[in-house]
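Throughout, read-outs are computed from the coordinates displayed, never taken from laboratory work. All of these numbers come straight from a predicted model, not from anything done at the bench. Methodologically, a virtual Cβ is constructed for each residue, glycine included, from the backbone with ideal geometry; neighbour enumeration extends over all protein chains shown.
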Amino acid sequence: MPTSKYFDQCPPFPSGVHTVPLPKVSFEELQNGSEKESQLLFQACQEWGFFLLNLQPSSKGNELLKHAEQMFDLTNETYNLEQSVLDSYAYKPPHDLTGYKRKGQLKTDDGKMDCIELYSINQDDMLGNRSARKNADTIEAKRADVRQFIENSHSIIGMPPRTVQGVRWILMLADVIFSHLDKQLGLQPGTLSELSPLNEISETSVRLLRSQSQLSPQYDSISLGGHTDIGTITLLFNVVGGLQILPADRENELENWLYVKPEPGNVLVNIGDTLVEWTGGLLRSSLHRVITAPGEQALVARQSVAYLVRPRNNASMQRLKSGTIPPVEQGEEDETRSVIEWAAWRAKQVMLGQLKSQTRGGRSAVAA
Ligand SMILES: O=C(O)CCC(=O)C(=O)O
Ligand SMILES: [Fe+2]
């Protein structure tokens, strides 16, 4: 979530709604190599597939919060554009998900249509790894800010920063998270980072999301249907509530979903399906969705910013090998497709209704 500026502008998250007791992991402790924090992170990735990462008081963490705030400003500027202008940057599913998706184009769990707008910005476009796309003017004007957001986020997750002005901070986050996951999974240091380098083509994106305020809120209205993220890891910044997680052992019924309470100074981190595949189901990718914000928060527009990390397109989906990751057993099929082939197959399965989004993974580790 960004710094408190955006929190101060909206009504408080109400008490009395059911929230997920998500573990809070300290980024500074992870940077310092704390084994306790490393284990907390790993357990959260197994039990919930989600955790809150407290970016304060780390200076690198605070830098990321400032960049996230710039992305919130960019979201505001972009959604202030005329509808016809936004529509001229429309995404082209299923092959090209970069660009703008207006509300009402996706079916939600209850058979109704979504009410969220998305604008996806392609990482390679921002970093210059592929020829530049023409994005909305607001985004074109802020290419340097977006690059900076990507670089800083990436470094927090786990990719060696490249000397591209701006993008480095988001990448730093990834570096830290992946190095702890490498350790807990018994992988060689650098394994996960090397699968997602910034200078190789991937489907990684920065997504700006917005749903409008409601005058007479319908609290059970689903803005974005239940799904898991397809990539490795997602960093999600939000201020207004509405994000919900379905705990692993629960049926998909309204009362079973739990809200995530946005916390100033924190970023929400979640595991995607690729890490479930690579770890033979050791890590969990949880079903989540967006519903009308609770209480008075429904009366204001809701925006969020997601950094959705995908591995390089030519990486393999094959299970990683270590003393901790369960080996492929007899009768089990090992995945041999590349990241890009697997993603295309999966998108097709979902479109044909043959693959239902559901929580996956969370299996116990083998004794090392
Ligand atoms: O807006 C949110 O809080 C969630 C967005 C999300 O889950 C996604 O973009 O994949
Ligand atoms: Fe998601």
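The table that follows gives values for the structure above.
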item	result
Amide hydrogen neighbours beyond the local backbone of Val25, cut-off 5 Å, H modeled	Leu52, Leu53, Asn54
Cross-link reach list, aspartates and glutamates versus Lys107, counting only Cα pairs under 14 Å and skipping chain neighbours closer than eight places	Glu117
Nonlocal amide H pairs with Gly242, under 5 Å, H built at 1.01 Å	Val260
Using distinct alpha-carbon pairs, which all enter the 1/r mean, Kirkwood radius of the chain in Å	20.5
Across Lys60/Lys92; Lys24/Lys321; Lys5/Lys36; Lys92/Lys112; Lys134/Lys261, pairs whose alpha-carbon gap is larger than 25 Å	Lys60/Lys92; Lys24/Lys321; Lys5/Lys36; Lys134/Lys261
Simple label model, 7 Å out from Cα along Cβ direction - Arg346 to Ala301, nm	3.1
Of Val17, Ser211, Trp48, farthest towards positive along the dipole that unit charges on Lys, Arg, Asp, Glu beta carbons give the chain	Ser211
GluC sites (Glu not before Pro) within segment 244-304: DSSP coil, no more than 10 neighbouring Cβ in 10 Å	Glu251, Glu253
Difference of contour (0.36 nm per residue) and Cα-Cα distance, Gln39 to Val17	5.0 nm
The chain: calculated mean residue ellipticity at 222 nm from DSSP helix runs of at least 4, using -39500 (n - 2.57)	-8500 deg cm²/dmol
Computed magnitude of the charge dipole of segment 169-322 (debye, nearest 20; Cβ of K, R +1, Cβ of D, E -1)	220
Table column - 3J(HN,Hα) (Hz), segment 25-32, Karplus curve with 6.51, -1.76, 1.60, x for Gly and Pro	10, 8, 5, 4, 5, 5, 4, 7
For segment 330-338, Karplus couplings with θ = phi - 60° (6.51, -1.76, 1.60), whole Hz, Gly/Pro x	4, x, 8, 9, 7, 7, 10, 5, 7
Calculated diffusion of segment 308-368, Stokes-Einstein form, Kirkwood radius summed over Cα pairs, 37 °C and 0.692 mPa s, µm²/s	239
